[in-house]
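Notes follow once the structure below has been shown.
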Amino acid sequence: MPEAIKILSGNSNRALTESIAAYLGVPLTKCQVRRFADMEIFVEILENVRGKDTFIVQSTSFPTNDHLMELLIMTDALRRSSAKRITAVVPYFGYARQDRRASGRTPISAKLVANLLTQAGVDRVLTVDLHAGQIQGFFDIPTDNLFGAPVMVRDIKDRMDTKNVMIVSPDVGGVVRARALAKRIDAPLAIVDKRRERAGESEVMNIIGDVTGRTCILVDDIVDSGGTLCNAADALLAKGAKEVYAYITHGVLSGGAVARIAASKLKQLVITDSIQATEAVRVAPNIRTISIGPLLGEAIARTAKEESVSSLFD
Ligand code: R5P
């Protein structure tokens, strides 16, 4: 590993940053990210970073605005300390669902966040399973969007008989992502098609594909309230699926999501550690976490050595 590489952790997910640093065999750069009494953020980097290739690991997960602000202020501190290059490693990129003007007089917050990061001094971005790939175009700096799929595929192959597996996209918007994973394990694909035929009537779930007797695996980028997943699991079982699992990159899991999933018919939800698990997630009977630390570590190593990152997914 090049000597000049420096890994810094915000407060969003120290455990993941430590696993990245362990993969790279480098110590975490000493740095304080703390609050004044009025909750203003204060950052102090406690080591020389002049001329170094620096990587700040920070998911903009709950509390999103605090974590985003930490990332911006850490970037400012590094820039003013003459770091040679600053890469924002944002395993979960919050605000990504606000990527277009869905109705009049609304913002495109994902673009605003991209502008803020660039303006603060970020030179490149490394993220995982962006909600919409085109968000890369919101940045005018290099942006690598890694895929969680290879980590999920390894886990699925280790634990399941893939011959009976059917990969399922929980909505039409997620088909490209689900199809890519299905291809990697040579499994067929089904799609949940949600429709509200008339305003005021409840949503109808049609399943495109025959799931009878199949082990269904729902694949998505985000589980937030858990509504999409739990409803899809019910619909699949009603159509004769044998059992339903879910592999989701980002476990946002807001509000009562963990309880909802625990009470659902999902056999197991597998998430990555892009967002630090809460205690409720850690003890949940049907939620399991797999790590993307090595994937991010390898992508950082390749970035530092100016090697290909995309070939990680060939
Ligand atoms: C939507 O486009 C996303 O891919 C997820 O399906 C969605 O964010 C999940 O949200 P929830 O868990 O609240 O249904």
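The values are calculated or read from the model by the stated rules, or taken from the named source; none is laboratory data. Every value quoted in this text rests on a predicted model; they were computed, and no experiment measured them. Glycine gets a Cβ as well: all are built from the backbone with ideal geometry, and neighbour counts include every protein chain shown.
Table for the structure above
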| item | result |
| --- | --- |
| Leading residue by the ranking (farthest from the ligand (Cβ to nearest atom)) among those in the stretch 206-219 that are buried (at least 17 other Cβ atoms within 10 Å of the Cβ) and part of a strand (DSSP E or B) | T215 |
| Residues that are in contact (Cβ under 8 Å) with a residue 60 or more places away in the chain and not charged (D, E, K, R), drawn from the stretch 254-290 | S254, V270, T272, S274, I275, Q276, I290 |
| Residues within the stretch 56-96 that are part of a loop (DSSP other than H, G, I, E, B), surrounded by fewer than 17 Cβ atoms within 10 Å (Cβ to Cβ) and touching a residue at least 40 places away in the same chain (Cβ under 8 Å), tallied | 1 |
| Search result, residues across the stretch 15-43 that are of a type outside the set (G, A, S) and exposed (fewer than 15 other Cβ atoms within 10 Å of the Cβ) | P27, K30, Q32, R34, R35, F36, D38, M39, E40, F42 |
| Output for the stretch 160-174, where each listed residue is within 11 Å of the ligand (Cβ to nearest atom) and part of a helix (DSSP H, G or I) | V172, G173, G174 |
| R282 vs. criteria in contact with a helix residue (DSSP H, G or I) (Cβ under 8 Å, 6 or more places away or on another chain) and in a helix (DSSP H, G or I) | no |
| Complete set of residues in the stretch 97-121 that are outside any helix (DSSP H, G or I) and not β-branched (V, I, T) | R97, Q98, D99, R100, R101, A102, S103, G104, R105, P107, G121 |
| Qualifying residue in the stretch 136-150 (condition: more than 27 Å from R260 (Cα to Cα), within 16 Å of the ligand (Cβ to nearest atom) and part of a strand (DSSP E or B)) | yes |
| Contacts under 6 angstrom Cβ, first residue in the stretch 159-170 being in the same structural domain as P188 (by TED's automatic domain parsing), partner part of a helix (DSSP H, G or I) and within 16 Å of the ligand (Cβ to nearest atom), 6 or more apart | I167/A178; I167/L181; S169/V175; S169/A178; P170/T228; P170/A232 |
| Verdict on G251 being within 16 Å of the ligand (Cβ to nearest atom), in contact with a strand residue (DSSP E or B) (Cβ under 8 Å, 6 or more places away or on another chain) and touching a residue at least 24 places away in the same chain (Cβ under 8 Å) | yes |
| A187, sole failed condition from (1) part of a helix (DSSP H, G or I); (2) surrounded by 16 or more Cβ atoms within 10 Å (Cβ to Cβ) | (1) |
| Residue within the stretch 220-236 that is within 16 Å of the ligand (Cβ to nearest atom), assigned to a strand (DSSP E or B), over 21 Å from the mean Cα position of the chain (by Cα) and in contact (Cβ under 8 Å) with a residue 40 or more places away in the chain present | no |
| Filter pass, A259 being at pLDDT 95 or above and either within 8 Å of the ligand (Cβ to nearest atom) or surrounded by fewer than 22 Cβ atoms within 10 Å (Cβ to Cβ) (or both) | yes |
